[in-house]
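One structure is given below, represented as structure tokens, and several questions about it will come after.
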Amino acid sequence: MNRLLLYLHRKSREQKHRLFLHLLRPTPEMRILNIGASGTGIGLPEQLESFYEHRSQIIGGGISYADVQDYRDSFPGVQAVVFDGCALPFADQSFDIVYSMPSSNTFQTMRW
């Protein structure tokens with residue numbers, strides 16, 4: 001990725017996460033599930049876990065062991081789990097917020 005594109009991509013991700021925090025206003029007690037999480041070795045450092053101070057309330061992961069291990073190493077305090085995002089291994093009502101930043105740019109229209 002050239003430097004300008006990387007800069008714009010990072011700024012866009014930062015803005016998305018700040019908007020996430022502003023709109024959803026997670027409290028320290030809320031449990032958050034991050035589907036498709038990766039760390040800074042594979043992904044970029046501009047992730048929710050970089051901005052959110054209550055990392056212990058975040059469970060993140062995905063289908064790739066390498067991504068999950070990178071996520072665990074990059075963001076101490078998070079709970080990293082290997083799982084299929086299409087068949088979540090969690091009971092209903094386990095989380096207050098569920099999100100997937102890798103897929104957020106694929107939605108054509110968001111309606112609130």
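The values are calculated or read from the model by the stated rules, or taken from the named source; none is laboratory data. Only a predicted model underlies this, so the values are computations on that prediction, with no experimental measurement involved. We place every Cβ from the backbone using ideal geometry, glycine too, and count neighbours over all the protein chains shown.
If we scan segment 81-89, do we find a residue that is modelled with pLDDT of 90 or more, in a loop (DSSP other than H, G, I, E, B) and within 20 Å of GLU29 (Cα to Cα)?
No - not one qualifying residue is present in segment 81-89.
Within segment 30-37, does at least one residue satisfy the condition of being of a type in the set (Gly, Ala, Ser) and without any contact (Cβ under 8 Å) to a residue 40 or more places away in the chain?
no
Residue check: is LEU44 surrounded by 13 or more Cβ atoms within 10 Å (Cβ to Cβ), part of a loop (DSSP other than H, G, I, E, B) and at pLDDT 90 or above?
When the stated conditions are applied, LEU44 does not pass them.
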